[in-house]
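Participant: Before I ask anything, here is the structure I am working with.
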Amino acid sequence: MTTIDPHAEAARSALQHPQHRAQLAARHDGPGCDHLWFETPGATRLMVVFSCAASHHEHPEIAAFRGRLPDHHLLFVRNPDFNWYCDEAFDALCHLVREKVLPRFDPAQVSCHYGSMGGHGALKLALTFGFRALVFNPQTDLDLWATRRPAQRPQLWAAQRHARLDAWPPASFERMPLYLACGSDSADREALSALIEQLRRCTHLSAVIEKYPDPHHAGLMKRISTGSIARALAAIDARLDTLQAPAP
C-alpha cells in the first residue's frame, strides 16, 4: 500500500497554484533588489507596492491589485532586512528605480503605495524621485516610532540614513502629489503631526490628507476602501489629478 504524505501533497498543490506560478514568472533578482514585476497590456502607468512590517518576507495585496488596475503595471518590493527601507536597502531600491523605472516612465506616471513601514518606504521613494505617494498610517520619523513600539526599537534605532522624512527639503514635497490616510491611534496622529510641520514650509502643494476615527494601525486602507482597494486607489488618483489640473 502506498502512503501519501499529506504535507508533500499540499506543497505540490501550492506550487501548481496559478497565483504562485504567476509570482515565480514575475520574480526578478535585480537590478538593485529582488522584486515582482507584472506587466499589464496597454497600461501607461506604474504602481510600486511596498511590503510592511507584517509582510516584509512576502509581497502584500498581489491578488487585490493584479488585473484590477487596468492602467498600471505593478512593481512589488519588500524589505526582508526589516529596517524600514533604510541605508543599503534604500540605496538598492533607488538603484532599481534608476535602472528599470526611470528609463521607461515619467515620474508623473509612477505611484508608490502602502502603509506603516511600507508607507514610510513609499514616501521616501516618492520624495526622492517626484513620484505620487498613496499612503496610510506611515511612519515619518523612526525615532518617534521607536517610542511607541519597544519591540521594534533595535531595528528602528539601527537605521543610520533615511530615517526621517523631514530630511527631505520642502522642494521634494512640492513635487510629490500626496494622499495620506491617518487613523486615530495616537502614534499615527503624532507621525502625521511630524510631517505636517514640513508640509507647512511648502509654497505650493498637491495633497489630500484625511483623518479617520479608526484606532487600529494596520490595515486602514482595507477598512476605508469598503471592499475594493484597487477601486479606492483609482478614486484617489482621480482626486489628485484634479488637484494638479491647470486652473481654468
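Participant: Considering only residues that are in contact with a strand residue (DSSP E or B) (Cβ under 9 Å, 6 or more places away or on another chain) and open to solvent by 50 Å² or more (accessible area, probe 1.4 Å), look in the range 236-248 and name the one that is modelled with the highest pLDDT. Step through it out loud before you land on a result.
Facilitator: Within the range 236-248, the subset in contact with a strand residue (DSSP E or B) (Cβ under 9 Å, 6 or more places away or on another chain) is 236-237, 239-240, 243.
So of that shortlist, the ones also open to solvent by 50 Å² or more (accessible area, probe 1.4 Å) come out as 239, 243.
Working: R239: 94, L243: 89.
Checking each candidate, the answer is R239.
Participant: Cβ contacts < 8 Å: first residue more than 19 Å from R164 (Cβ to Cβ), restricted to the range 179-194; second residue of a type in the set (F, W, Y) and buried (at least 23 other Cβ atoms within 10 Å of the Cβ), any location; separation 6+ or different chain. Result?
Facilitator: Between residues of the range 179-194 that are more than 19 Å from R164 (Cβ to Cβ) and residues that are of a type in the set (F, W, Y) and buried (at least 23 other Cβ atoms within 10 Å of the Cβ), the close pairs are A181/F136; G183/F136.
Participant: For residues that are open to solvent by 60 Å² or more (accessible area, probe 1.4 Å) and either of a type in the set (G, A, S) or closer than 20 Å to R149 by Cα (or both), scanning just the range 58-100, find the one that is modelled with the lowest pLDDT.
Facilitator: My answer is D81.
Participant: Looking at L142, is it aliphatic (A, V, I, L, M), in contact with a strand residue (DSSP E or B) (Cβ under 6 Å, 6 or more places away or on another chain) and modelled with pLDDT of 95 or more?
Facilitator: On the way: aliphatic (A, V, I, L, M): yes; in contact with a strand residue (DSSP E or B) (Cβ under 6 Å, 6 or more places away or on another chain): no; modelled with pLDDT of 95 or more: yes.
No: the conditions fail for L142.
Participant: Out of the residues in the range 124-153 that are in contact with a Cys (Cβ under 8 Å, 6 or more places away or on another chain) and touching a residue at least 60 places away in the same chain (Cβ under 8 Å), state the one that is nearest to L96 (Cα to Cα).
Facilitator: Ranking the candidates gives L125 first.
Participant: For residues in the range 32-54 being of a type in the set (A, V, I, L, M, F, W, C) and over 18 Å from D237 (Cα atoms), which is most open to solvent (accessible area, probe 1.4 Å)? Steps first, please.
Facilitator: First, pick out the residues of the range 32-54 that are of a type in the set (A, V, I, L, M, F, W, C): 33, 36-38, 43, 46-50, 52-54.
In the following step, the residues that additionally are over 18 Å from D237 (Cα atoms) were identified as 33, 36-38, 52-54.
Working: C33: 26, L36: 4, W37: 21, F38: 16, C52: 21, A53: 24, A54: 101 Å².
Among residues in the range 32-54 that are of a type in the set (A, V, I, L, M, F, W, C) and over 18 Å from D237 (Cα atoms), the one most open to solvent (accessible area, probe 1.4 Å) is A54.
Residues are listed down the side, and each one gets a yes or a no for (1) closer than 20 Å to Q139 by Cβ; (2) open to solvent by 40 Å² or more (accessible area, probe 1.4 Å); (3) touching a residue at least 60 places away in the same chain (Cβ under 8 Å):
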{"site": "R161", "(1), (2), (3)": "yes, yes, yes"}
{"site": "A171", "(1), (2), (3)": "no, yes, no"}
{"site": "C202", "(1), (2), (3)": "no, no, no"}
{"site": "L205", "(1), (2), (3)": "no, yes, no"}
{"site": "P215", "(1), (2), (3)": "yes, yes, no"}
{"site": "S228", "(1), (2), (3)": "no, no, yes"}
{"site": "A234", "(1), (2), (3)": "no, yes, yes"}
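The values are calculated or read from the model by the stated rules, or taken from the named source; none is laboratory data. All values derive from a computational prediction rather than experimental measurement. With ideal geometry, Cβ positions are generated from the backbone for all residues, glycine too; neighbour counts draw on all protein chains shown. Heads up: the accessible areas ignore ligands, DNA and RNA and are worked out on the full protein's heavy atoms, side chains in. Shrake-Rupley method; radii C 1.70, N 1.55, O 1.52, S 1.80 Å.
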